[in-house]
Amino acid sequence: MQRSPKSGTWRAPFLLALLLLAATLLLYAPVRNFSFLTWDDSVYVTSNSHVQAGLSLATAAWAFTSLESAGYWHPLTWLSHLLDSSLFGMDPAGPHCVNLLFHAANVLLLFFLLYYATGCLGRSFFVAALFALHPLNVESVAWVAERKNVLSTFFFLLALGGYGWYVKNPNWKRYLAFAAAFAASLMSKPMAVTLPFALLLLDYWPLARLPDPFNHLSPGAGSAPLSWWRQAARLALEKLPLLPLSAASSWIIMVAQKRSGAMDMGLPQRLSTRLGNAAHSCCEYLRMTFWPSGLAAFYPYPALPLWNVLLCALFLAAITGCVLWQRRRKYLVFGWFFFLGTLVPVIGIVQVGAQAMADRFAYIPVIGLFVMAVWLAAEALAAMRLPRAVTAVAGACLLLAAALVTRGNLPYWQDSVALFTRVQEVHRSPDSMIETKLGAAQLAAGMVDESLPHFRMAERLAPEDAGVHLDIATVLTMQEDFAGALPEFQAALRYANDDSVRMRCFNIMGALYFRLGNTKAAWENYSAAVRLDPRYASALTGRGNILYQQGRYAEAADQFSRAVASEPTSPRWLGLAKSLEAAGNPAPALAAYQKALQLNPGLTEARERIAALSAQPR
């Protein structure tokens, strides 16, 4: 058992905690000026009508029932975004600062957890400082969509702390407390499924509830093996009630990912290929922890030669062997298997998404590597008997270097164009997904002409990708090259393997024909989209505009009513209000104008019509 902190020694930990907090907030202060990104921030915030509506009973119910949105079931994450929307509107500064506050809270939790579990103040501080300042964690902090990561880790660390509290005086109330924190972590992001395994590692070190399983190999150990197995079985049974939570979360995420299409992206399906990538990714996480160069938001799935896979597997096996050989240093066993174990859900054995690996996946696992490195370095420095001032200066220089690299990586996350320009620089080999995302970022930033070459490159790399053809068609439509856009729409429809792409094609083609004055073709395309999804708000809005133009106001109101029921936005409420007013229904029209103005206070037309309708005698 590690030594516990002495009573009355609160001042030094408190001052160090303040230092950690100040360093974290100061380092990441630039995020308050960052924009929302086109990658996933649109799913979580900027194009999510539920989130934009803010926190209410209806949106809270949606948060607990939504599976398709983002491919996760994480109601607490949705609730946090809903609260952001209510507090900050669509100002990205607020959500970015909330992400930063959760990261700072995680830093402090990690510091106090290690300190109270081990009694080692300096080492605990240094591990927490590395976690606070390391550039590998930039992605989790500077990306609003990764709220799920920092939020899940917050509850994960609370669960670890609650477990330590339970161990001091085991009873069912304390057990329920840390189990609730575990459930909250799973309801923020399912990566926390490995927590029962992490608790067993805590039992081994630093809580010392589980003795060394290899002690029986020493002379005179007697019946140690039987005693060890009994103790291990008892501790494993203690974690058994947590396993249904892990199993349920795993099943839900598989269902959600399948429904969202994240598990069907044309990626390698062979288990041997995925295992090879897993070994390679583990080694890359190790490399990036100790030499964090070439960090990027996206790492394409690599074509790995057999020698690379074998070398990575041998390297990992060698580290495992060394850790077991040095098992008297229990922190090595804890740190190494914490790193490997908590990586299991995201290592790619079950492939979800197009990435081979991601910096955000290392947010929790890297803690194990920090523990290994700091405790081993402290032991080595103690053996060298260097003056404390020398070790303190060396440690400060290392933390400063980490902070400087982090500060250098932060600007890449300020907007989507900077982010994917960086990805393209890091991965010099052409990749269709990178080209597509950079083109989409430029398109969203109004760089229409600049985006087209990237989409064309993506088309050459993936000629049967329906989404790329649709992106090109969209750009050509914006450039008013309608003759060039139509063949691209047709190609997108030909290669589309899911209804979402088909719906988007029909919808944009409907808008194109409507603009050209061909209302018949516009109606046919909008209707084709609605047949695929009767709640498709954009196509319903398009049909409403056609009917309104034709003077069929009651029918137009019906289309707009269906659109706002699916995705309420101010333009749709305005269309409904105008249709109702034109159809001779002033009372519901007034209510619709008020809804439109509520969503967009700057909507002058709605404000004027509210004033006019309110002034009419009733």
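Could you please give the count of residues in region 383-424 that are closer than 24 Å to L20 by Cα and of a type in the set (A, V, I, L, M)?
15
Name the pairs whose Cβ atoms lie under 9 Å apart, with the first residue in region 195-222 and under 23 Å from L240 (Cβ atoms) and small (G, A, S), the second modelled with pLDDT of 90 or more and in a loop (DSSP other than H, G, I, E, B), and 6 or more positions between them or separate chains?
Hits for this filter: A198/I364.
In the list V323, V344, V366, which residue meets the criterion of being of a type in the set (A, V, I, L, M) and farther than 30 Å from V255 by Cβ? Walk me through it before giving the result.
Working: V344 fails: farther than 30 Å from V255 by Cβ; V366 fails: farther than 30 Å from V255 by Cβ.
Criteria check complete, one pass: V323.
Exactly one condition in (1) over 22 Å from T342 (Cβ atoms); (2) assigned by TED's automatic domain parsing to the domain that holds N106; (3) at pLDDT below 95 is false for L176; which is it?
Here L176 meets the rest and fails (3).
Which condition number does C283 fail, the rest of (1) modelled with pLDDT under 95; (2) not in a loop (DSSP other than H, G, I, E, B) being met?
(1)
Go through region 262-280 and give me each residue that's modelled with pLDDT of 60 or more and in contact with a Phe, Trp or Tyr (Cβ under 8 Å, 6 or more places away or on another chain).
Of everything in region 262-280, just one residue is modelled with pLDDT of 60 or more and in contact with a Phe, Trp or Tyr (Cβ under 8 Å, 6 or more places away or on another chain), namely N277.
For every residue, the table says whether it meets (1) surrounded by fewer than 18 Cβ atoms within 10 Å (Cβ to Cβ); (2) without any contact (Cβ under 8 Å) to a residue 40 or more places away in the chain.
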{"residue": "L16", "(1), (2)": "no, no"}
{"residue": "L21", "(1), (2)": "yes, no"}
{"residue": "L27", "(1), (2)": "no, no"}
{"residue": "S47", "(1), (2)": "yes, yes"}
{"residue": "H50", "(1), (2)": "no, yes"}
{"residue": "G54", "(1), (2)": "yes, yes"}
{"residue": "T59", "(1), (2)": "no, yes"}
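If F34 satisfies all but one of (1) crowded, with 20+ Cβ neighbours inside 10 Å; (2) over 22 Å from L438 (Cα atoms), what's the number of the condition it fails?
Condition (2) is where F34 drops out.
Consider L310 against the criteria (1) free of Cβ contacts under 8 Å to residues at least 24 places away in the same chain; (2) surrounded by 19 or more Cβ atoms within 10 Å (Cβ to Cβ): it satisfies all of them except one. Which criterion is unmet?
Every listed condition holds for L310 apart from (2).
Of all residues in region 285-304, how many are aliphatic (A, V, I, L, M) and within 17 Å of F131 (Cα to Cα)? It would help to see each step written out before you state the result.
Residues of region 285-304 aliphatic (A, V, I, L, M): 286, 288, 295-297, 303-304.
Within this subset, residues satisfying the condition of being within 17 Å of F131 (Cα to Cα) are 286, 288, 295.
The qualifying residues number 3.
Which of the helices (runs of 4 or more DSSP H) found entirely inside region 443-549 contain at least 1 residues meeting this: touching a Phe, Trp or Tyr at 6+ places or on another chain (Cβ under 6 Å) and farther than 30 Å from L580 by Cα?
Working: elements: 448-461, 466-478, 482-495, 499-516, 519-532, 537-549.
It comes to 466-478.
Which one is nearest to R552 (Cα to Cα), of the residues in region 603-618 that are at pLDDT 85 or above and surrounded by fewer than 18 Cβ atoms within 10 Å (Cβ to Cβ)?
Here is the first cut: in region 603-618, the ones at pLDDT 85 or above are 603-612.
Those left that are additionally surrounded by fewer than 18 Cβ atoms within 10 Å (Cβ to Cβ): 604-605, 607-608, 611-612.
Working: T604: 25, E605: 21, R607: 24, E608: 23, A611: 25, A612: 23 Å.
Top of the filtered list is E605.
Anything in region 267-302 that is out of contact with any strand residue (DSSP E or B) (no Cβ under 9 Å at 6 or more places or on another chain), surrounded by fewer than 17 Cβ atoms within 10 Å (Cβ to Cβ) and under 22 Å from F420 (Cβ atoms)? List them, or say none.
The answer is S293, G294.
The values are calculated or read from the model by the stated rules, or taken from the named source; none is laboratory data. A quick note: this is a predicted structure, and the numbers were derived from the prediction, not measured. Neighbour counts run over all protein chains shown; Cβ positions are idealised from the backbone, glycine included.
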